[in-house]
Amino acid sequence: MKKYLSSLLMALAVAAVSCTSVVPEETWNEGTKAPFKMNIADADFEDGDRIGLYMFESSDSPFGGEVLADNMLIRMDNSEAVLEGELFFPDTQVDICAYYPYWDDNIIIDNHISVYVFEDQRNSRDYRESDQKYLKLLNYENTGKPVEMVFERLMSRLSFELKPGNGFSSADELKDCEIIVPNIKYHTSISLEDAELIEPEGKRDFFPYVGEKQVADGKVSGIYSLVIPQTLYKGMSIANITVGGDVFRCILDEDFTMRKGVSYTITITLDKSETKSDSAACVVSGLSITEDPVWE
């Protein structure tokens with residue numbers, strides 16, 4: 001069992017909003033230490049984001065050699081990735097991994113890093129930091145050029161769209177709704193070697209990010225929840241929606257298995273009876289789930 005300070009997922013240098021952070025190439029002479037430099041190919045970072053970096057000398061097993069960088073902090077500043085501290089390449093190949101967001105009190109155990117997701121994502125920062133990312137480079141050999149860093153997303157995104165059905169005159173009546181995504185598993189860990197997540201555990205109710213909620217084209221959209229990929233089974237509720245005093249439970253009619261890095265649009269049509277005589281007065285007459293080809 002190995003133990004190194006760390007945090008969760010992905011990380012390393014980060015290139016800022018909508019452009020790549022480029023480090024000018026330098027020439028290093030033989031016999032001198034080669035400093036670690038990086039380019040960030042992922043544009044989905046912004047100033048203030050923090051990333052964690054590990055580097056090991058290569059060995060017979062991935063991430064099994066001497067530790068050269070132990071959860072070093074990379075900070076996004078003025079659209080550039082800034083490494084806090086000095087780091088140099090050895091004469092041998094290295095294994096590199098990086099994760100976002102950075103945590104200073106996590107632990108690497110058996111080549112895995114714990115991954116937790118905020119269940120309350122109504123705050124924009126907690127929502128951003130639930131969009132966890134990871135990068136790994138095995139047997140990397142220094143070429144004298146900056147290391148090209150390309151991260152992958154580890155989470156799934158649930159994007160909710162609400163449509164008015166019977167009993168509603170327009171989508172405007174749904175705008176002030178409250179949504180809970182119930183019984184979502186929130187804790188897992190990622191393998192440093194293959195970037196695979198283990199089966200998640202623990203269950204909590206999730207509160208989606210609603211900072212972009214809007215009414216357009218006869219529906220309410222802009223409601224997002226980032227979750228660890230998992231399976232929700234037939235008969236489970238994918239969302240409990242409160243509109244006024246009415247509560248709608250959106251029950252799955254088949255199993256729903258999420259994949260990492262994929263965004264899913266969940267379209268829900270809400271009906272209510274003119275009389276609220278029993279619990280059947282509030283129903284979901286339509287529920288569909290589609291994959292989004294683009295996740296912005």
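The values are calculated or read from the model by the stated rules, or taken from the named source; none is laboratory data. The shown structure was predicted, so the numbers you read here are calculated from the model rather than taken from an experiment. Cβ: placed from backbone, ideal geometry, glycine included. Neighbour counts: every protein chain shown. Side chains included, ligands, DNA and RNA excluded: accessible areas come from the protein's heavy atoms. Shrake-Rupley method; radii C 1.70, N 1.55, O 1.52, S 1.80 Å.
A few notes on this one:
- Accessible surface, 1.4 Å probe, highest first, among residues Lys33, Lys145, Lys133: Lys33, Lys145, Lys133
- Taking a ≥ b ≥ c as the square roots of the eigenvalues of the Cα gyration tensor, the stretch 136-288 is classed as prolate, since a/c reaches at least 1.5 and a/b is larger than b/c.
- Ordered from highest to lowest accessible area with the whole protein assembly present and a 1.4 Å probe, Ser130, Ser59 read as Ser59, Ser130.
- When nucleic acids and ligands are ignored and a 1.4 Å probe is applied, Val82 ends up with an accessible area of around 70 Å².
- For the stretch 104-177, the fraction of 1.4 Å probe accessible surface lying on carbon and sulfur atoms is 41 percent.
- Projected label distance in nm at Asp172 and Thr143, using a 7 Å step from Cα toward the beta-carbon: 5.8
- Applying the Kirkwood pairwise sum to the alpha-carbon positions of the stretch 32-120 produces a hydrodynamic radius of 14.4 angstrom.
- For the stretch 145-226: accessible area per residue (Å², 1.4 Å): 45
- Cβ-Cβ distance of Asn78 and Asp104, R₀ of 25 Å, FRET efficiency by 1/(1 + (r/R0)^6): the value works out to about 0.65.
- Translational D in µm²/s for the stretch 178-266 (Stokes-Einstein at 10 °C, 1.306 mPa s, Kirkwood Rh from C-alpha pairs): 109
- Binning the alpha carbon pair distances of the stretch 171-217 at 10 angstrom intervals from zero yields the distribution 21, 31, 26, 18, 5, expressed in whole percent.
- For the stretch 199-273, GluC sites (Glu not before Pro) meeting the loop criterion (DSSP other than H, G, I, E, B) and having at most 16 other Cβ atoms within 10 Å: Glu212, Glu254.
- 1.4 Å probe accessible area per residue over the stretch 51-120, in Å²: 44
- Using a cut-off of 29 Å between Cα atoms, the listed pairs Lys234/Lys260; Lys136/Lys213; Lys145/Lys260 include Lys136/Lys213; Lys145/Lys260 as exceeding that distance.
- Cα-based shape type of the stretch 73-125, given that a ≥ b ≥ c are square roots of the gyration tensor eigenvalues and the cut on a/c is 1.5: oblate
- Prolate/oblate/rounded label for the stretch 96-182 (Cα gyration tensor, a/c 1.5): prolate
- Accessible-area composition of the stretch 181-290, carbon plus sulfur, in percent [1.4 Å probe]: 44
- Taking only the alpha carbons of the stretch 72-223, we obtain Rg and Dmax values of 20.3, 71 Å in that order.
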